[in-house]
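One structure is given below, encoded as structure tokens.
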Amino acid sequence: MKQKKSNKILKWSLSIIFFISLFLFLLSFSIAMPVLNRWFYFVQIKTLNISKISGYSYNDIVYSYNKLLDYLTFPWADFDLGVFKYSQEGKEHFQDTKVLFMIDLSILIVTSIICLVFVIVNWRIKNKFLVKVLNKSIGFWVSIISLILILLIVFLVSLDFEKAFIIFHKIFFKGKDNWVFDPTVDPIIKILPEQFFLNSFIFIAVVYLFSHLVIISKEVVLLKKRKNKVQKAA
């Protein structure tokens, strides 16, 4: 009896760890997509007329953006904005941004390993490793909850992106206002228009939604297969 209770507690504990890990993995993965896929920005240099509006050539913009992203995504990279001059306040903002990027990428790496281990072990012992809630896997419920949250966030952001953008910065850069760039001293802001950040948010939301829809669809297919097996056996 005690052994059975201990196994149940262990199973639930591991399931909760997997629940949290999967949620954080898909979130950090989605956030990383616009950052790791630099082509996403390069395409918008033309579609948003960034070169014409900013007054900088396409090559200068690409070079400078690559320098900025190198700094933000590689722990060992020194601060460099390419052809752009910058203020101390501007530099400090990018330093703060780098910390957030490093946290996201670290979470992505750690949770990807945890999720992979859980999936392999659960598969090897024929889905007996993790608990099911209402005959559905933990992954299914992670996706349902996440879909509700992201749809709510998308709705709120769609009402007023500029306000949402300000709230985001006030939360993640608490007590600082160096994220408000003056183009005369930090001209790099000229090549980072608000529309680019909105498009990045849309990219993140689409990847996040799609990832969870894949998990839900897989669960529905597996459930139908199990029902068909039961019906055939009967």
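Just so it is clear, none of the values below were taken in a lab; they were calculated from the coordinates. Since we're looking at a predicted model, the values are computed, not measured. A quick note on method: Cβ atoms are made from the backbone with ideal geometry, for glycine too, and the neighbour counts reach across all protein chains shown.
What percent of all Cα-Cα pairs in the chain falls in each 5 Å bin, counting up from 0?
Each 5 Å bin holds this share of Cα pairs: 1, 6, 10, 14, 16, 13, 11, 8, 7, 5, 4, 3, 1, 1, 0, 0.
What size of dipole, in debye to the nearest 20, comes out for the chain about its Cα centre when the only charges are +1 on Lys and Arg C-beta atoms and -1 on Asp and Glu C-beta atoms? Write out the running numbers ahead of the final one.
Details: 29 positive and 15 negative charges, 530 e Å.
So the magnitude is around 2540 debye.
Sequence gap at least 6, Cα distance under 8 Å: using those rules, report the relative contact order of segment 50-191 to the nearest whole percent. Numbers along the way, then the final one.
Numbers: 85 pairs, mean separation 46.5, N = 142.
Over segment 50-191, the number comes to 33 percent.
Cα gyration tensor of segment 30-119, axes a ≥ b ≥ c as square roots of the eigenvalues: rounded (a/c below 1.5), prolate (a/b > b/c) or oblate?
The shape class here is oblate.
Projected onto the charge dipole of the chain (+1 at Lys/Arg Cβ, -1 at Asp/Glu Cβ, origin at the Cα centre), which of 156, 137, 69 gives the Cα projection farthest towards the positive end?
Ranked along the dipole, the leading option is 137.
Among 106, 34, 146, which residue has its Cα positioned farthest towards the positive end of the charge dipole of the chain, with +1 placed on the Cβ of Lys and Arg, -1 on the Cβ of Asp and Glu, and the dipole taken about the Cα centre?
With unit charges placed on the Cβ atoms, the residue in question is 146.
With a ≥ b ≥ c taken as the square roots of the eigenvalues of the C-alpha gyration tensor of segment 57-102, please select rounded if a/c is under 1.5 and otherwise prolate if a/b is larger than b/c or oblate if it is not?
Working: a/c = 2.39, a/b = 1.39, b/c = 1.72.
Oblate, since a/c reaches 1.5 and b/c is not below a/b.
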